[in-house]
Amino acid sequence: MVFLPEKRGLACGDWVAGDMPSISEVRPYEWIETRKKAGKLDFDSLIPGHGDVLRGKERLVLGEQYLADLMQATTKAWGIAREGAR
């Protein structure tokens, strides 16, 4: 993640990729925390690892909620504790 305060932009790499995060090889709980920290920065544009530049922080919040919901459903369905999840 690279914060560009003079451009009010945040270059995110692959933890933001279009509308949904790519989660094939990640640590989702770390990504949730990273998104929370990034949301505290003052930016208008997200520069994802793939796709178009995204405007506004709401995309960051939507991705965070998506990951949180996914991990909650996975834990419920498979009984995997947070410590056991990547």
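Values in this text are rule-based calculations from the coordinates and carry no lab data. Only a predicted model underlies this, so the values are computations on that prediction, with no experimental measurement involved. Here the Cβ positions follow ideal geometry from the backbone for every residue, glycine too, while neighbour counts run over all protein chains shown.
Going by amide H atoms built from the backbone, whose H comes under 5 Å of the H on Val16, apart from near neighbours?
Gly49
Kindly put Met1, Met71 in sequence by how many other C-beta atoms sit within 10 Å of each C-beta, fewest to most.
In increasing order of surrounding Cβ atoms, one gets Met1, Met71.
Using only the alpha-carbon atoms of the stretch 2-80 as identical scatterers, what base-10 log of I(q)/I(0) does the Debye formula give at q = 0.19, 0.24 Å⁻¹?
Debye curve over Cα of the stretch 2-80, log10 I(q)/I(0) at q = 0.19, 0.24 Å⁻¹: -0.75, -1.12.
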